[in-house]
Every structure is written in structure tokens, then in C-alpha cells.
Amino acid sequence: MKTFCIILIVSLFAGACNNASNQNAEVKDSAARQEDHSHESDEAIQLNSGKKWKVDDAMLVHIRNIERIVTDTAGPVNYIEAGDSIATHLELLTSSCTMTGQAHDELHKWLLPFLDLSEQLSEQDGREAAATLNEMKTAFSVFNTYFE
């Protein structure tokens, strides 16, 4: 079920970011983005001429909410519940996507691996979940290095 949710979130993100006016162009663009996404996640995130990329305010709200959940989750907790809360905010994030161009592409390089971590967290408990949560904290260090 969680795998389906993550696939849905990625699909919504790709669809929400698509501003093509022609439906055939939308389908082609979506397929091209899906192909690009498989390659982007392996590439290093680049700065914007030495500066951080600006994330749209509507999207940044959800990213900061996710960061707060990740940062505030400590000790013996219900990792599945934390994962569900993160998944909810990821869905809100993807549905509010308005970014385009290279900033959008660079954000995807960060977001796609984070979606995988979110899926893992929702399916884990104990030490595995704690390790995944630490990876998410590291992911936010990376986010804050490249985005504002």
C-alpha cells in the first residue's frame, strides 16, 4: 500500500508540474520527465551559479513541515505514524508544484531519493527506522545546502 502511495505521489508531482496546453504534449512531456527522473536522481545537485535555488513558497511550506517532523522525531516513537505524516506532506508538496526549469530539475534530484526514504520509514520500526530517519536528517542537510 505504501509503495502505491509513493508511486501516486511521484505521479502527482510530475503531473502537477506539467503546464503543457496540448493533452498529447502533456503525455509526451510526462513520459520524457519520467525518463529524465531515472537519470536525475543519480546526478549530483548543482548550485545556481554558486547560489542556492529558490523553492516556491507554496512548496517550501510543505518541505519545512516535513523537515520539522524529521527533526522532532526522536527516541522510541511510532515510525509508521511519522512516515504517514511525511507522506501526507509529500502529497501536498507535489500537488502544489509550480516550479519549472532547472530549479525544478535540481529539486527532483533531491526529492526522488527522499521519497524512497519516506516509503522505507513507513514500513520500518526500531533500529531500521531510526537509521532511515537519520538518512532523512542528512537529506535535509543537503536540501538546505542547495535550496532556500
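The values are calculated or read from the model by the stated rules, or taken from the named source; none is laboratory data. Here the structure is a predicted model, which is why all the values come from computation and not from measurement. With ideal geometry, Cβ positions are generated from the backbone for all residues, glycine too; neighbour counts draw on all protein chains shown.
Summary of computed values
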{"read-out": "Qualifying residue in the stretch 122-130 (condition: at positive phi and more than 14 Å from the chain's Cα centre (by Cα))", "value": "yes"}
{"read-out": "Single match in 125, 105, 116 (criterion: among the acidic types (Asp, Glu) and closer than 19 Å to residue 145 by Cα)", "value": "105"}
{"read-out": "Meets criteria (within 12 Å of the chain's Cα centre (by Cα), assigned to a helix (DSSP H, G or I) and not aliphatic (A, V, I, L, M)) for residue 135", "value": "no"}
{"read-out": "Helices (runs of 4 or more DSSP H) fully within the stretch 1-107 counting 2 or more residues that are charged (D, E, K, R) and at pLDDT 95 or above", "value": "57-72"}
{"read-out": "Criterion: without any contact (Cβ under 8 Å) to a residue 60 or more places away in the chain and charged (D, E, K, R) - qualifying residue of 84, 105, 116", "value": "84"}
